[in-house]
Amino acid sequence: MALAIGLFAGFLSLLETCPPFHGDPLEIIVLGGAILGTGVGCFIKGGGCTDGTEILAIIMNRKLGFTVGQIVLFINIFVFTAYGFIFQDWHIAIRSLLTYIVAFKMIDLVIAGFEEVKSVFIITSKPKQIKKLVMHELGLGLTIIPAFGGFSGEQKEILFLIVERLEVSSLKEIVLSEDPNAFMTIQNLNEIAYGRSTSKISKNKKKPKRFFIRF
């Protein structure tokens with residue numbers, strides 16, 4: 001805490017010597033929101049926070065699953081709306097809200113990182129062939145889920161796996177080349193929970209991890 005306060009005071013004194021930036025309001029909104037979101041995101045990612053709003057956002061993130069940036073933006077919508085009604089200056093309120101829209105995207109980007117993973121469900125008539133291709137060519141583990149067609153009643157096998165964002169295109173190419181009629185759903189993941197531990201996606205930095213899911 002003492003280090004953070006000291007750095008804050010030091011950078012504040014340093015920035016006072018810099019010439020002011022005079023730009024278009026849109027430029028200021030985008031640049032200011034990006035700097036604000038990056039700073040707050042780094043703070044939260046390091047285990048700290050800057051105000052009570054972020055403490056509430058972190059708690060709600062753990063309880064409800066919304067991202068920290070989304071919760072901060074939602075709270076500030078009410079703050080800036082109240083400002084507009086009290087001071088009757090909606091220009092400042094709207095510009096401030098736009099700044100936080102940029103900031104909330106940067107907060108989530110910094111916290112989650114660029115290394116995203118996705119969950120994929122594959123419904124295909126060739127599950128065995130695709131399973132072998134995915135495991136041997138991509139080195140990914142997967143789970144086979146027995147299922148029945150809701151309309152036809154035909155027994156099927158659904159393939160479920162977790163894949164990194166950069167491998168999605170290779171996965172789609174492999175699946176569709178083997179079975180052009182395959183059906184795939186791809187969803188973003190923010191974290192993976194298994195047993196008593198929770199793996200934040202943002203911590204997968206060094207070496208790409210292979211995810212094996214067993215039932």
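None of the figures in this text is laboratory data; all of them are computed from the coordinates on show. None of these values were measured; they are calculated from a predicted model. Note that each Cβ is placed from the backbone with ideal geometry, even for glycine, and that neighbours are counted across all protein chains shown.
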- Label-to-label distance, nm, for residues given as C42 and I28 (7 Å Cα→Cβ offset): 2.4 nm
- Query: Extension gain I186-W90, at 0.36 nm per residue separation less the Cα-Cα distance, in nm?
  - Reply: 30.5 nm
- Query: Spin-label point model (7 Å from Cα, Cβ direction): what's the F8 to R62 distance in nm?
  - Reply: 2.2 nm
- Query: How high is the FRET efficiency between K132 and I35 when r is their beta carbon distance and R₀ equals 35 Å, given to the nearest 0.05?
  - Reply: 0.10
- If each part is reduced to its alpha-carbon centroid, the range 155-188 and the range 42-99 end up apart, in Å, by 37 Å
- Charge context of K172, other residues only, Cβ under 14 angstrom, K/R +1, D/E -1: -4
- Task: Please tell me the relative contact order of the range 23-112 in percent, rounded to the nearest whole number, where contacts are Cα pairs under 8 Å and at least six residues apart.
- Result: 47 percent
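Within a Cβ distance under 11 Å of F148, other residues only, what is the Lys/Arg minus Asp/Glu net charge?
Values: positive: K156; negative: E154, E157.
Residues near F148 contribute -1 overall.
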- Scattering profile of the range 45-185 from the Debye formula, Cα beads only, expressed as log10 I(q)/I(0) at q = 0.16, 0.18, 0.20 Å⁻¹, is -0.86, -0.96, -1.08
